Each structure stands twice: as structure tokens, then as C-alpha cells.
Amino acid sequence: MRLSRYFMPVLRETPAEAQIVSHRYMLRAGMIKQAAAGIYSWLPLGYRVLRNIERIVHEEQQRAGHIPMLMPTLQSADLWKESGRYDAYGPEMLRIKDRQDRDMLYGPTNEEMITDIFRSHVGSYKDLPMTLYHIQWKFRDEMRPRFGVMRGREFLMKDGYNFDLTKEDALHAYNRHLVSYLRSYERMGLQAIPMRADSGPIGGDDTHEFLVLADTGESEVFYDSDITELKFGDRTIDYDSVEQCQAVLEEFTSRYARTDETHDAALFNEVPEARRRVARGIEVGQIFYFGTKYSAAMGATVVDETGAKVPVHMGSHGIGVSRLLGAIIEASHDDKGIIWPEGVTPFHCGIVNLRQGDTEADAACQSLYDALTALGLEPLYDDRDERAGAKFATMDLIGLPWRITVGPRGLKNGVVELTSRRTGDSEELPPAAAIAKIAAIYGAIAA
Ligand code: ATP
Ligand code: MG
């Protein structure tokens with residue numbers, strides 16, 4: 001993409017309404033624009049990152065064997081009356097009447113709808129196990145929408161639902177989700193720690209929240225610092241293997257890690273003092289096993305091997321897709337701007353032309369651009385007629401992990417400059433070597 005032809009309305013001033021760094025940088029980098037309290041338009045740059053996060057979530061869910069689909073944002077109230085949650089949900093639910101005076105709502109979650117789909121089409125244990133998921137906009141009329149996309153009213157969520165014959169099978173689905181979530185967050189450059197949580201209005205016994213440590217997090221968390229050493233890394237796992245998924249769950253949940261809702265001071269004190277940490281965290285996902293709560297209430301049953309009709313065991317599993325942009329920025333920035341992890345960056349690298357209009361510099365930039373594009377990479381070429389300082393400031397603000405700087409002086413010696421946004425380190429090397437290095441970096445992180 002050429003910056004001169006792109007739409008990226010960068011703000012010079014720090015917007016007064018933004019209290020936390022991720023919100024400030026998302027507004028300043030022209031990624032989002034508020035449409036109403038807690039409701040945002042995704043401008044082109046923000047939209048690219050949102051799509052990258054979605055893609056990682058899709059890939060990891062499908063790798064785990066979960067089936068993508070799409071349910072609508074608007075729902076009829078009837079199913080919610082059947083489950084008993086229409087009255088229970090409270091003022092967070094946006095209730096709407098259509099022209100026929102029918103009760104509708106903008107879905108805050110989809111347990112009822114998916115249970116209805118399941119009961120309409122599945123009747124035999126032979127069709128199980130099954131996990132369906134979608135990535136769809138949700139609406140929760142939060143009392144205090146704030147921090148930009150972190151606590152919106154309309155937000156994008158991946159929600160998945162498992163249907164299993166037995167509790168053991170459903171717990172395997174739970175563990176599978178835990179593994180797939182660990183992989184997803186790591187691919188986004190994040191460490192998200194699974195913490196024992198409280199099940200809240202969804203109900204259920206087994207639940208973990210995934211928290212990204214950040215001072216601006218809304219949850220208080222208590223953990224054993226040993227847990228931050230754990231990495232899923234590039235190990236391979238057989239998602240069908242009960243033992244393998246169970247082993248990962250045990251590895252990642254055996255250390256003390258809880259939110260304030262489930263914190264147990266006595267248990268925490270058993271952690272050696274030097275490893276006890278009290279910090280703040282951002283919830284970026286949650287997994288639940290809730291048994292037959294919805295299936296029993298709504299008649300989602302299957303015939304088992306003996307011919308008996310039994311309610312299926314279910315769980316639901318959510319990732320805060322739009323919140324993740326804020327969480328990633330909170331975890332990865334400096335005083336100049338965002339530092340995108342390679343896995344989600346809106347463009348793979350920036351090209352800065354120090355002397356726009358100079359025949360050689362223009363030609364060198366164009367050939368870098370063409371070569372990177374031919375390799376399937378997406379560079380952002382700052383081809384504006386601007387001072388070098390302004391171009392660098394924009395690149396630093398929008399946070400592309402790599403920048404190639406091209407100027408007449410370097411070209412005389414046959415080199416361009418390659419700079420890492422994270423470390424600030426620069427090296428001079430021939431254009432072909434810069435291209436090879438960037439290609440190798442992204443080749444290495446491709447799943
Ligand atoms: P919270 O405690 O932050 O209100 P929740 O526990 O009610 O969230 P879940 O029902 O677990 O939310 O939803 C799954 C994920 O969706 C959460 O882990 C979070 O990342 C995201 N999410 C929930 N509410 C919001 C919101 N208002 N804005 C953005 N993302 C949200
Ligand atoms: Mg939650």
C-alpha cells in the first residue's frame with residue numbers, strides 16, 4: 001500500500017477523552033473512530049489488525065477441529081424466555097421491538113441460539129462430539145463503556161459451543177479449547193495466563209479466564225511468578241488425544257493463578273513469598289463447562305447407545321477479538337507508539353523514502369515494494385512528500401515491526417537501512433539482503 005493513496009487519519013494531538021495508552025494510540029494512529037459511546041468504526045488500519053486477529057482465531061479453532069459458522073446479531077426473545085435468561089440478564093441486554101411488536105434483542109452471547117440449532121438437527125450420540133463456533137458482533141449495554149475497544153458496548157467475540165455425550169467428553173472439549181487459546185494468544189505475541197475464575201451469569205462449575213498482565217487491566221490478579229515462564233511454543237499436539245490435552249491443562253493450571261473473584265489468601269500463602277505476585281490483568285478470553293444447564297432447559301437431547309434420550313453436556317468458550325487489539329497495545333508499546341508483534345501487524349514492514357522525487361530513491365523504493373509484494377508480503381510505502389522526521393514519527397506511531405529506510409546517501413553505497421521497531425537497532429545492507437531478512441522473519445512465523 002502506498003501511504004499517499006491510503007486512508008490513515010493520524011492525529012497530532014493526544015485525544016483528551018482517552019485515558020489509557022492503547023486507546024490513545026488507536027485514535028492517534030487513525031485505527032478507530034467512536035460512533036457512539038462504546039461503539040466504534042474500524043478505520044482501514046484498525047480493520048487490518050482486527051482481521052489478522054480473527055484469522056489467527058479461525059486457524060487455531062479449525063486446527064482443533066472446531067467448525068466455523070455464523071449466527072445473526074439480532075435474536076428473537078423467545079429462546080431466551082425458554083432458557084429463563086430473558087428476565088435474568090438485566091439492563092446489559094439491548095432489547096428491541098420490531099414493527100410487529102415482537103420482542104427482539106441484540107445478542108450478548110449465543111448459548112440459546114446454538115442450542116436451538118443443535119436440537120433441531122442432531123438427535124444421535126453418533127453425531128457427537130461436535131464443537132461449533134462463530135466470530136460475530138455482540139452487544140452488551142455496559143454501564144461504563146471505556147478504554148476504547150477494551151470495554152465497548154458493541155464488540156467482536158469468538159464464541160464456541162461444544163456438544164458432548166458425557167461429562168468426560170465435554171471436559172476434553174474444555175481442555176482442547178484451553179490448548180487452542182494458548183496457541184492463539186502466543187501467535188498474537190501475547191502471554192495470556194489461564195486463571196481459575198467465577199462462572200457468573202452463564203453458570204457452571206469449571207471455568208478459566210485468560211488474562212494478559214497490564215497495569216491498566218480491570219481485574220486484580222494473584223499468581224505464582226513461575227507461571228510466566230511457561231510457553232506453549234511450537235510443540236505439536238494431537239487434539240483428539242485426551243491425555244495430551246489434559247497434560248497441557250495440568251501444566252498451565254497447576255500454579256496458583258486467580259482473579260480477585262476466586263482468590264484464596266490461605267492457598268496463595270503456600271506459594272513461596274518471592275514468587276507471589278499481585279498485579280492487574282486484562283481478560284481476553286474465558287472457557288466454561290456448564291454441563292446440561294441449557295440442554296436440559298431447552299430439550300437438547302440425543303439418543304445414547306442404550307436408546308435412552310439424554311441431555312448433552314455443553315460448554316461455551318469466548319475470545320474477545322476486538323478487545324485483543326487494546327490488550328496487545330497495552331502489552332507492547334513505548335512512548336513513541338505501538339509495537340506490533342509480527343503475527344498481527346497491519347503491514348509487514350514500512351518503506352520510508354527520505355527523498356521523495358529523487359529518481360534513484362523513488363526507483364529503489366518501488367523495486368523494494370515490488371519484490372516484497374511478489375513474496376506475498378504487504379509493505380506500507382511512505383511515498384508522501386514529507387520531512388524524514390515526520391515519516392519516522394508516523395512509522396513509530398503505527399508500530400510496524402520493521403522499517404526499511406531508503407535515501408540517496410545509502411544508495412550511493414548500495415545499501416538501505418533496516419530498523420527494528422522493538423529494539424531500535426538498525427543495520428545497513430543491500431536491498432536484496434533486507435528483503436531476504438524480512439521474508440525469513442515472516443516465513444518463520446507463518447503457521
Ligand atoms: P468482563 O468481565 O470483562 O465484562 P465477561 O466475563 O462478561 O467480560 P465473557 O462473557 O467471558 O465476558 O466474554 C468473552 C470475552 O469477550 C471476554 O473474555 C472479553 O475478552 C470479551 N468481552 C466481554 N465484554 C466485553 C466488552 N464489553 N468489550 C470488549 N470485549 C468484551
Ligand atoms: Mg468472562
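The values are calculated or read from the model by the stated rules, or taken from the named source; none is laboratory data. Since the model is a prediction, treat every value here as computed from it, not as a measurement. FYI the Cβ positions are ideal-geometry reconstructions off the backbone, even for glycines, and counts take in every protein chain you see. Each accessible area value is taken on the protein alone, full model and side chains, heavy atoms only, with ligands, DNA and RNA left out. Shrake-Rupley method; radii C 1.70, N 1.55, O 1.52, S 1.80 Å.
In terms of its alpha-carbon gyration tensor, the stretch 1-101 comes out oblate; a/c meets the 1.5 threshold, while b/c is at least as large as a/b. For Trp402, the residues 5 or more places off, or on other chains, whose built amide H falls under 5 Å of its own are Gly350, Arg421.
Available extension along the chain between Arg12 and Lys126 is 35.0 nm, counting 0.36 nm per residue and deducting the alpha carbon span. For Lys126, which aspartates and glutamates qualify as cross-link partners when the Cα separation must be under 20 Å and same-chain residues fewer than eight apart are set aside? Straight-line reach from Lys126, under 20 Å: Asp116, Asp164, Glu168, Asp169, Asp240, Asp304, Glu305.
Rounded to the nearest 10 degrees, the angle from helix 111-121 to the longest Cα principal axis of the chain is 70 degrees.
For Thr292, the residues whose amide H sits under 5 Å from its own are Met314, ignoring neighbours fewer than 5 places away on the same chain, with H placed 1.01 Å from N. Cross-link partners of Lys97 among lysines, defined as those whose alpha carbon lies under 17 angstrom from its own and excluding same-chain residues fewer than eight positions apart: Lys81.
Calculated mean residue ellipticity, 222 nm, the chain: -10000 deg cm²/dmol, from DSSP H runs (n ≥ 4) at -39500 (n - 2.57) each, averaged per residue and rounded to 500. Within the listed set Gly299, Gly285, Gly315, the residue fluctuating most in the Gaussian network model of the chain (springs between alpha-carbon atoms under 10 angstrom) is Gly299. Helix 44-63 and the long axis of the chain differ in direction by around 50°, with both axes built from C-alpha atoms. The long axis of helix 167-187 is offset from the longest Cα principal axis of the chain by roughly 10 degrees.
Under the convention that each Lys and Arg Cβ holds +1 and each Asp and Glu Cβ holds -1, the size of the dipole of the chain around its Cα centre is about 1380 debye.
Here the stretch 197-345 is treated with +1 on each Lys and Arg Cβ and -1 on each Asp and Glu Cβ, and its dipole about the Cα centre works out to around 300 debye.
Taking a probe of 1.4 Å, how large is the accessible area per residue of the chain, in Å²?
Working: 19580 Å² over 447 residues.
In whole numbers, the chain has 44 Å² accessible per residue.
Each 10 Å bin, from zero up to the one with the longest distance, holds this percent of the alpha carbon pairs of the chain: 4, 19, 27, 24, 16, 8, 3, 0, 0. In plain terms, if you count all Cα to Cα distances in the stretch 324-416 and split them into 10 Å steps from zero, the share in each step is 17, 44, 30, 8, 1 percent. For a straight C-alpha distance cut-off of 21 angstrom, the lysines reachable from Lys336 (same-chain residues fewer than eight places away being disregarded) are Lys33, Lys391. Of the solvent-accessible surface of the stretch 349-446, computed with a 1.4 Å probe and all protein chains present, 53% belongs to carbon and sulfur.
The fraction of accessible area contributed by carbon and sulfur in the stretch 77-205 is 47 percent, rounded to a whole number (1.4 Å probe; ligands and nucleic acids excluded). From the Cα gyration tensor of the stretch 112-196, with a ≥ b ≥ c the square roots of its eigenvalues, which class applies: rounded if a/c is under 1.5, or else prolate if a/b is larger than b/c, or else oblate? Oblate.
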